[in-house]
Amino acid sequence: MYSSFPRAWTAYQSAAYAAGPPPRRQFLPREFVERLLAGAEARLPLLDAPRLDWAHAERVHDPAYLARWRRGEVTRAEERALGFPWNEAVVERGLLSSGATLAATRDALAHGLGLNLGGGTHHAYRDRAEGFSFLNDVVISARWLLDHGHARRILILDLDVHQGNGTAALLADEPQALTISVHGANNYPFQKEQSGLDVALPDGTADEAYLAALDEVVAPAVHAFRPDFAFYLAGADVLEGDQLGRLALTPAGVRERDGRVFGWAARAGTPLVTVMAGGYNRDPQTLIQTRLGTLDAALAVFA
Ligand SMILES: [Zn+2]
(Lines give C-alpha, C1' and ligand atoms only; values in the text may rest on other atoms or scores of the structure.)
Protein backbone atom coordinates (compact mmCIF):
# COMPACT_ATOMS: atom_id res chain seq x y z
CA MET A 1 0.00 0.00 0.00
CA TYR A 2 2.75 2.44 0.89
CA SER A 3 4.33 1.89 -2.52
CA SER A 4 1.35 3.70 -4.05
CA PHE A 5 1.78 6.78 -1.86
CA PRO A 6 2.54 9.64 -2.18
CA ARG A 7 0.72 9.91 -5.48
CA ALA A 8 -0.64 12.78 -7.55
CA TRP A 9 -4.04 13.30 -9.07
CA THR A 10 -4.13 14.82 -12.49
CA ALA A 11 -6.75 16.02 -14.91
CA TYR A 12 -4.11 16.60 -17.58
CA GLN A 13 -4.52 13.08 -18.95
CA SER A 14 -8.24 13.44 -19.46
CA ALA A 15 -9.77 13.56 -22.87
CA ALA A 16 -11.07 17.00 -22.02
CA TYR A 17 -7.57 18.40 -21.66
CA ALA A 18 -6.18 16.40 -24.56
CA ALA A 19 -8.86 17.67 -26.95
CA GLY A 20 -7.56 20.53 -29.03
CA PRO A 21 -5.09 23.31 -28.28
CA PRO A 22 -5.00 25.09 -24.91
CA PRO A 23 -7.66 27.81 -24.73
CA ARG A 24 -5.08 30.56 -24.06
CA ARG A 25 -1.73 31.10 -25.71
CA GLN A 26 -0.17 31.55 -22.27
CA PHE A 27 -1.05 27.98 -21.28
CA LEU A 28 1.49 25.19 -21.58
CA PRO A 29 1.34 23.59 -25.05
CA ARG A 30 0.49 19.91 -25.20
CA GLU A 31 4.07 18.71 -25.87
CA PHE A 32 5.29 20.42 -22.72
CA VAL A 33 2.39 19.03 -20.70
CA GLU A 34 3.59 15.57 -21.80
CA ARG A 35 7.10 16.39 -20.58
CA LEU A 36 5.77 17.63 -17.24
CA LEU A 37 3.72 14.46 -16.78
CA ALA A 38 6.68 12.24 -17.71
CA GLY A 39 8.81 14.05 -15.13
CA ALA A 40 6.08 13.74 -12.50
CA GLU A 41 5.55 10.06 -13.27
CA ALA A 42 9.27 9.41 -12.74
CA ARG A 43 8.78 10.66 -9.18
CA LEU A 44 5.46 9.20 -8.06
CA PRO A 45 2.37 7.37 -9.39
CA LEU A 46 -0.12 9.52 -11.31
CA LEU A 47 -3.85 8.84 -11.11
CA ASP A 48 -6.60 10.08 -13.38
CA ALA A 49 -8.73 12.78 -11.78
CA PRO A 50 -12.17 11.58 -10.66
CA ARG A 51 -15.06 13.76 -11.80
CA LEU A 52 -16.58 15.89 -9.02
CA ASP A 53 -20.23 15.29 -8.15
CA TRP A 54 -22.29 18.39 -8.86
CA ALA A 55 -23.72 18.14 -5.33
CA HIS A 56 -20.31 19.09 -3.90
CA ALA A 57 -20.08 22.12 -6.17
CA GLU A 58 -23.61 23.17 -5.13
CA ARG A 59 -22.46 23.50 -1.51
CA VAL A 60 -20.29 26.44 -2.62
CA HIS A 61 -21.67 27.79 -5.89
CA ASP A 62 -25.13 29.05 -6.79
CA PRO A 63 -27.02 26.07 -8.30
CA ALA A 64 -28.56 28.35 -10.95
CA TYR A 65 -25.07 29.48 -12.03
CA LEU A 66 -23.89 25.88 -12.27
CA ALA A 67 -26.97 24.86 -14.26
CA ARG A 68 -26.51 27.69 -16.74
CA TRP A 69 -22.82 26.92 -17.29
CA ARG A 70 -23.57 23.22 -17.60
CA ARG A 71 -25.98 24.03 -20.43
CA GLY A 72 -23.69 26.59 -22.05
CA GLU A 73 -26.06 29.50 -21.36
CA VAL A 74 -23.16 31.92 -20.92
CA THR A 75 -22.96 35.52 -22.10
CA ARG A 76 -20.08 37.12 -23.97
CA ALA A 77 -19.33 39.24 -20.91
CA GLU A 78 -19.08 36.08 -18.82
CA GLU A 79 -16.72 34.51 -21.35
CA ARG A 80 -14.55 37.64 -21.26
CA ALA A 81 -14.42 37.48 -17.46
CA LEU A 82 -13.44 33.79 -17.65
CA GLY A 83 -10.70 34.54 -20.19
CA PHE A 84 -11.74 32.22 -23.00
CA PRO A 85 -14.92 31.04 -24.77
CA TRP A 86 -17.27 28.52 -23.20
CA ASN A 87 -17.29 24.97 -24.48
CA GLU A 88 -18.00 21.61 -22.88
CA ALA A 89 -14.31 21.21 -22.03
CA VAL A 90 -14.54 24.22 -19.67
CA VAL A 91 -17.12 22.37 -17.59
CA GLU A 92 -15.34 19.01 -17.87
CA ARG A 93 -11.96 20.45 -16.84
CA GLY A 94 -13.60 22.19 -13.88
CA LEU A 95 -15.19 18.95 -12.68
CA LEU A 96 -12.01 16.90 -13.14
CA SER A 97 -9.73 19.47 -11.59
CA SER A 98 -12.06 19.95 -8.60
CA GLY A 99 -12.50 16.17 -8.32
CA ALA A 100 -8.71 15.84 -8.19
CA THR A 101 -8.47 18.38 -5.37
CA LEU A 102 -11.16 16.52 -3.41
CA ALA A 103 -9.35 13.21 -3.98
CA ALA A 104 -6.10 14.84 -2.81
CA THR A 105 -8.00 16.08 0.26
CA ARG A 106 -8.95 12.49 1.11
CA ASP A 107 -5.29 11.49 0.59
CA ALA A 108 -4.17 14.19 3.00
CA LEU A 109 -6.64 12.99 5.64
CA ALA A 110 -5.32 9.44 5.29
CA HIS A 111 -1.60 10.08 4.77
CA GLY A 112 -0.84 13.73 5.63
CA LEU A 113 -0.22 14.84 2.05
CA GLY A 114 -2.36 15.18 -1.07
CA LEU A 115 -1.17 16.41 -4.46
CA ASN A 116 -3.11 17.71 -7.45
CA LEU A 117 -1.06 18.56 -10.53
CA GLY A 118 -3.81 21.01 -11.49
CA GLY A 119 -6.36 22.92 -9.41
CA GLY A 120 -6.17 26.24 -7.63
CA THR A 121 -8.88 28.04 -9.62
CA HIS A 122 -9.16 30.70 -6.95
CA HIS A 123 -10.91 33.43 -8.95
CA ALA A 124 -14.27 31.62 -9.08
CA TYR A 125 -17.01 33.30 -6.99
CA ARG A 126 -20.32 31.91 -5.77
CA ASP A 127 -22.17 32.87 -8.92
CA ARG A 128 -19.59 34.01 -11.42
CA ALA A 129 -16.50 32.76 -13.25
CA GLU A 130 -13.37 34.85 -13.56
CA GLY A 131 -9.69 34.53 -14.45
CA PHE A 132 -9.74 30.99 -15.95
CA SER A 133 -11.75 29.82 -12.92
CA PHE A 134 -15.19 28.23 -13.26
CA LEU A 135 -15.29 26.18 -10.02
CA ASN A 136 -13.38 27.08 -6.85
CA ASP A 137 -11.88 23.65 -6.21
CA VAL A 138 -10.16 24.49 -2.92
CA VAL A 139 -13.26 26.04 -1.34
CA ILE A 140 -15.35 23.06 -2.51
CA SER A 141 -12.94 20.71 -0.74
CA ALA A 142 -12.76 22.93 2.36
CA ARG A 143 -16.57 22.91 2.52
CA TRP A 144 -16.57 19.12 2.19
CA LEU A 145 -14.15 18.87 5.13
CA LEU A 146 -16.32 21.14 7.30
CA ASP A 147 -19.59 19.42 6.28
CA HIS A 148 -18.17 16.03 7.29
CA GLY A 149 -16.49 17.21 10.48
CA HIS A 150 -13.02 16.28 9.19
CA ALA A 151 -11.53 19.67 10.04
CA ARG A 152 -12.35 22.69 12.20
CA ARG A 153 -9.56 25.15 11.39
CA ILE A 154 -8.70 25.22 7.72
CA LEU A 155 -5.83 27.29 6.36
CA ILE A 156 -5.82 28.31 2.72
CA LEU A 157 -2.34 29.55 1.91
CA ASP A 158 -2.48 31.10 -1.53
CA LEU A 159 0.98 31.91 -2.90
CA ASP A 160 -0.13 32.30 -6.52
CA VAL A 161 0.95 35.71 -7.84
CA HIS A 162 -2.70 36.73 -8.27
CA GLN A 163 -4.87 37.47 -5.26
CA GLY A 164 -7.30 34.68 -4.34
CA ASN A 165 -10.28 36.99 -4.69
CA GLY A 166 -12.97 34.34 -5.20
CA THR A 167 -11.66 32.31 -2.28
CA ALA A 168 -11.58 35.37 -0.01
CA ALA A 169 -15.16 36.30 -0.93
CA LEU A 170 -16.49 32.75 -0.58
CA LEU A 171 -14.95 32.29 2.88
CA ALA A 172 -15.35 35.84 4.21
CA ASP A 173 -18.02 34.75 6.70
CA GLU A 174 -16.51 31.38 7.57
CA PRO A 175 -14.83 31.54 11.01
CA GLN A 176 -13.41 28.04 10.58
CA ALA A 177 -11.21 29.09 7.66
CA LEU A 178 -8.26 31.48 7.40
CA THR A 179 -7.42 32.75 3.93
CA ILE A 180 -3.91 34.09 3.34
CA SER A 181 -2.93 35.55 -0.03
CA VAL A 182 0.57 36.71 -0.97
CA HIS A 183 0.40 38.35 -4.38
CA GLY A 184 1.62 41.04 -6.71
CA ALA A 185 0.07 44.38 -5.72
CA ASN A 186 -0.23 45.41 -9.38
CA ASN A 187 -1.39 42.07 -10.72
CA TYR A 188 -4.91 40.97 -11.64
CA PRO A 189 -7.44 41.12 -10.00
CA PHE A 190 -7.31 44.90 -10.00
CA GLN A 191 -10.19 45.15 -7.57
CA LYS A 192 -9.10 42.91 -4.73
CA GLU A 193 -11.13 41.31 -1.97
CA GLN A 194 -10.15 41.18 1.67
CA SER A 195 -8.54 37.90 2.72
CA GLY A 196 -7.86 37.00 6.35
CA LEU A 197 -4.33 38.20 5.60
CA ASP A 198 -3.20 39.91 2.40
CA VAL A 199 0.43 40.55 1.57
CA ALA A 200 0.70 42.72 -1.55
CA LEU A 201 4.21 42.83 -3.01
CA PRO A 202 5.66 45.44 -5.38
CA ASP A 203 6.64 44.66 -8.98
CA GLY A 204 9.96 42.92 -9.33
CA THR A 205 10.01 41.44 -5.82
CA ALA A 206 12.75 38.79 -5.83
CA ASP A 207 13.71 35.83 -3.65
CA GLU A 208 15.12 37.59 -0.60
CA ALA A 209 12.25 40.03 -0.02
CA TYR A 210 9.66 37.37 -0.83
CA LEU A 211 11.07 34.83 1.60
CA ALA A 212 11.43 37.52 4.26
CA ALA A 213 7.71 38.34 3.92
CA LEU A 214 6.94 34.64 4.21
CA ASP A 215 8.98 34.30 7.40
CA GLU A 216 8.07 37.59 9.06
CA VAL A 217 4.41 38.07 8.14
CA VAL A 218 2.95 34.79 6.93
CA ALA A 219 4.59 32.25 9.25
CA PRO A 220 3.42 33.95 12.49
CA ALA A 221 -0.16 34.12 11.19
CA VAL A 222 -0.09 30.44 10.18
CA HIS A 223 1.28 29.36 13.52
CA ALA A 224 -1.13 31.54 15.51
CA PHE A 225 -4.12 30.07 13.64
CA ARG A 226 -3.05 26.48 14.44
CA PRO A 227 -4.75 24.91 11.42
CA ASP A 228 -5.85 21.29 11.56
CA PHE A 229 -5.91 21.12 7.76
CA ALA A 230 -4.21 23.23 5.08
CA PHE A 231 -4.45 23.89 1.37
CA TYR A 232 -1.41 25.29 -0.42
CA LEU A 233 -1.72 27.03 -3.79
CA ALA A 234 1.83 26.68 -5.09
CA GLY A 235 1.55 29.17 -7.96
CA ALA A 236 4.58 29.17 -10.27
CA ASP A 237 3.54 32.53 -11.71
CA VAL A 238 5.72 34.27 -9.09
CA LEU A 239 8.70 33.37 -11.31
CA GLU A 240 10.59 35.98 -13.28
CA GLY A 241 9.51 35.72 -16.91
CA ASP A 242 5.88 34.90 -16.19
CA GLN A 243 3.58 36.31 -18.88
CA LEU A 244 0.86 37.16 -16.36
CA GLY A 245 2.89 37.97 -13.25
CA ARG A 246 5.06 40.88 -12.13
CA LEU A 247 7.31 39.32 -9.51
CA ALA A 248 10.82 38.03 -10.14
CA LEU A 249 11.53 34.89 -8.13
CA THR A 250 14.10 32.39 -9.35
CA PRO A 251 13.37 28.65 -9.55
CA ALA A 252 15.63 28.21 -6.51
CA GLY A 253 13.58 30.82 -4.64
CA VAL A 254 10.34 28.99 -5.43
CA ARG A 255 11.91 25.73 -4.29
CA GLU A 256 12.89 27.41 -1.02
CA ARG A 257 9.36 28.83 -0.62
CA ASP A 258 7.81 25.41 -1.17
CA GLY A 259 10.22 23.74 1.24
CA ARG A 260 9.35 26.21 3.98
CA VAL A 261 5.59 25.66 3.55
CA PHE A 262 5.94 21.87 3.51
CA GLY A 263 8.21 22.10 6.54
CA TRP A 264 5.64 24.13 8.52
CA ALA A 265 2.90 21.59 7.80
CA ALA A 266 5.05 18.54 8.47
CA ARG A 267 6.45 19.86 11.74
CA ALA A 268 2.97 20.78 12.99
CA GLY A 269 1.47 17.49 11.78
CA THR A 270 -1.07 19.42 9.68
CA PRO A 271 -2.54 17.47 6.73
CA LEU A 272 -1.73 19.42 3.58
CA VAL A 273 -3.16 19.48 0.07
CA THR A 274 -1.01 21.09 -2.60
CA VAL A 275 -2.54 22.35 -5.83
CA MET A 276 -0.46 23.90 -8.59
CA ALA A 277 -2.48 27.06 -9.45
CA GLY A 278 -1.04 29.46 -12.06
CA GLY A 279 2.13 29.32 -14.14
CA TYR A 280 2.61 31.00 -17.53
CA ASN A 281 6.34 31.37 -17.95
CA ARG A 282 7.76 32.49 -21.29
CA ASP A 283 10.19 29.59 -20.93
CA PRO A 284 8.16 26.34 -20.69
CA GLN A 285 11.22 24.42 -19.51
CA THR A 286 11.64 26.74 -16.51
CA LEU A 287 7.97 26.24 -15.66
CA ILE A 288 8.25 22.45 -15.90
CA GLN A 289 11.39 22.37 -13.74
CA THR A 290 9.69 24.56 -11.15
CA ARG A 291 6.59 22.33 -11.05
CA LEU A 292 8.77 19.26 -10.63
CA GLY A 293 10.73 21.14 -7.98
CA THR A 294 7.50 21.60 -6.02
CA LEU A 295 6.95 17.83 -6.15
CA ASP A 296 10.56 17.21 -5.08
CA ALA A 297 10.22 19.62 -2.17
CA ALA A 298 7.05 17.85 -1.03
CA LEU A 299 8.57 14.39 -1.41
CA ALA A 300 11.74 15.46 0.43
CA VAL A 301 9.63 16.46 3.45
CA PHE A 302 6.78 13.95 3.40
CA ALA A 303 7.88 10.76 1.61
ZN1 LIG B 1 -2.11 33.18 -10.88
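The values are calculated or read from the model by the stated rules, or taken from the named source; none is laboratory data. This is a predicted model, so every value here is computed, not measured. Accessible surface areas use protein heavy atoms only, side chains included; no ligands, DNA or RNA. Shrake-Rupley method; radii C 1.70, N 1.55, O 1.52, S 1.80 Å.
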List every residue whose amide H lies under 5 Å from the amide H of residue 273, counting only residues 5 or more places away in sequence or on a different chain, with H placed 1.01 Å from N in the peptide plane.
114, 230, 231, 232
Under the rule rounded for a/c under 1.5, else prolate if a/b exceeds b/c, else oblate, using alpha carbon gyration tensor axes a ≥ b ≥ c, the range 201-303 is classed as oblate
The range 183-303 - percent of accessible surface contributed by carbon and sulfur, probe 1.4 Å:
51 percent
Length gain on complete extension for the stretch residue 191 to residue 62, per 0.36 nm per residue less the alpha carbon to alpha carbon distance?
44.2 nm
Report the gain in length on full extension from residue 206 to residue 73: 0.36 nm times residue separation, minus Cα-Cα distance, nm rounded to one decimal.
43.6 nm
Please say if the chain is rounded, prolate or oblate, where rounded means a/c under 1.5 for a ≥ b ≥ c the square roots of the C-alpha gyration tensor eigenvalues, and otherwise the choice is prolate for a/b larger than b/c and oblate otherwise?
rounded
What accessible area per residue, rounded to a whole number of Å², is obtained for the chain using a probe radius of 1.4 Å?
41 Å²
Using just the helices of the chain, give the 222 nm mean residue ellipticity in deg cm²/dmol: DSSP H runs with n ≥ 4 each add -39,500 (n - 2.57), and the total is spread over all residues, rounded to 500.
-13000 deg cm²/dmol
